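The structure appears right after this line, and notes come after that.
Bear in mind that the values in this text are calculations on the coordinates, not laboratory data. Owing to the predicted nature of the structure, the values given are computational and were not obtained by experimental measurement. When we count neighbours, we look across all protein chains shown, and the Cβ atoms used for this are built from the backbone with ideal geometry, even at glycine.
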Amino acid sequence: MRRLSSRLALIAAAIVALLVPATASATATPEQITSAANKGLTYVKGLQSSETGAIAGFGGDWALTAFAANKVAPADVNKGGKATTDARSWYEGEVGAFGWGGAEPAATDFERATLIAYAAGIDPARVSKRQNLIAKVASFYQPASPGYYGATFNATVFGVLALANAKTTAGVQRVPQVVLDQAVAAIRANQHNDGGWTWEKAAGSEEALAKTSEPDMTGAAMAAMCNAGVAKTDGAIVDAKNYLVSIFDPVSGAFASEFGTNTNSNAWVVDGLKACGIDPQGSEFTGTGPKFNTPLNFLISQQLGSGAFRYLTSGSTANLYASQDAVRALGSGGFTAAPPAPKSGPQWKGVTEFATGATETAQLALVVDDGVSALKVCSVSFAPKATTTNLAAVLNAAVTATTPAGCVAGFLPASGEGAITQVNGYPVVPAEKWKVSIDGAAQVVAKRSTQIKVGETIYLKAE
């Protein structure tokens, strides 16, 4: 009787074991993930020029975000071994040049540069005395469509990614939350009926909202929203996750894409999931046997013997853009990461003073919020002619011109060093109602004499 009971117990245990999903065999292990990421890092590092420090090719600059996401300081990526040939120095010289971006730059050029500079350990607002990437992003704000940046919807998504992620070197969010909240509202308005997004603006068009979404832009929009403070339990994030579940193939571990199953789209999805604190190897994205895969399994399967990653699932052509995307996703994910301290030298680089030449202009990001009229976000360009300046000088320059136009029509008082009593006609009866926050610091009374330093983001808020 005892023997029969033991046998029945063993049979019952075996049946239970068969009923339990074999998720352990389906998910990529930490060791597999780390190994693939390290091989990918080695491949990308090998592409660096020993003469200039550049990682040339489409996606080469994005590689700096992949380094930081895997706790590698771009300042330590130095094939040439010279003081000026590390990846950070290369990018600092590249983007810091006055006029970088060309005669007709796109918003996404500066948004991408902000994310890369941050990952490289370069303060995006202080790349050089004449290059403030945060101000450049602010210059693409669309007053006629509050919350939007640039000419396409993806410029708004990457605008949020840049402004939310590129914190000060002290880790403080430099732009006021109201700016991010407004942009998040714009992203919500563009969420398609199926729960995802595409790169095109869809808000206000039933036809556009009914179109099939794209996995990569869905990942980017999710990351933007979560980086801006939206919780993963928010309805928009839940709907986006459900959309991704609906296009997930547990056999390959990939997400369906109109461009064909590919590394980049899947990496962007992983970036978005990780940014929202959603496990890309959670039960929704894991099969039930050894032939089933997760998104991380898929990315690993795309790696070639050289350590590079291919773009599509066939062929053996190494693709730099796919490689940096995959390596970033296998690391911390997201679209940028705070850089680790390098083995030597400072964690952060950035200028500390304005240029003093009579014609050497600088840009500052300015946000004006009276709580009554539309929020104003802009860039102010002026020649400080001194190593520091004051709030009155910035506002005087803003009255003359801002990008976009109309940020500041006027302010009072017109002279002295005291408190600002009116901006854009508010309040009607001048009073000391205006406060200023600089680079996300606590609000204090806004005075004409308030000191302003290079690269600072200025937030004027009326009580």
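Below are the figures for this structure:
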| read-out | value |
| --- | --- |
| Sorted peptide list for 74-83, 188-197, criterion being average Cβ within 10 angstrom, highest first | 188-197, 74-83 |
| 10 Å-binned pair-distance histogram of region 362-462 (Cα, whole percent) | 17, 56, 26, 1 |
| Extended-chain gain in nm, criterion 0.36 nm per residue less alpha-carbon gap, Ser373 and Thr352 | 4.1 nm |
| Spin-label pair Ala185/Ser449, simplified geometry with 7 Å Cα→Cβ offset, distance in nm | 3.8 nm |
| Virtual spin-label span in nm between Gln177 and Ser205, 7 Å along Cα→Cβ | 3.4 nm |
| Cα-based Rg / Dmax (Å) for region 23-330 | 19.0, 57 |
| Modelled FRET efficiency - R0 35 Å, Gln32 with Asp234, Cβ distances, 0.05 increments | 0.65 |
| Highest average packing first - 157-170, 56-69, Cβ atoms within 10 Å | 157-170, 56-69 |
| Surrounding net charge for Val270, when Lys and Arg each add one and Asp and Glu each subtract one, Cβ distance under 12 Å | -2 |
| Projected label distance in nm at Thr212 and Thr359, using a 7 Å step from Cα toward the beta-carbon | 5.6 nm |
| Trp90, Trp348 arranged by Cβ crowding within 10 Å, fewest neighbours leading | Trp348, Trp90 |
| Test item: Cα-centred dipole of region 362-462, Lys/Arg +1 and Asp/Glu -1 on Cβ, debye | 80 debye |
| Helix 87-96 vs. the chain, principal-axis angle (Cα, 0 to 90°, nearest 10) | 40 degrees |
| Centroid-to-centroid separation of region 372-391 and region 319-349 [C-alpha atoms, Å] | 32 Å |
| Sequence-separation-based contact order of the chain, relative, with Cα cut under 8 Å and 6+ spacing, percent | 18 percent |
| Percent of Cα-Cα distances greater than 20 Å, calculated over region 200-279 | 31 percent |
| At R0 = 25 Å, FRET efficiency that the Cβ-Cβ distance of Glu258 and Thr317 yields, to 0.05 | 0.75 |
| Three-way shape call for region 243-310 based on the alpha-carbon gyration tensor, with the a/c threshold at 1.5 | rounded |
| Distant-in-sequence amide H partners of Thr212 (H built 1.01 Å from N, under 5 Å) | none |
| CD proxy at 222 nm, helix term only [per DSSP H run n ≥ 4: -39500 (n - 2.57); per residue of the chain; nearest 500] | -11000 deg cm²/dmol |
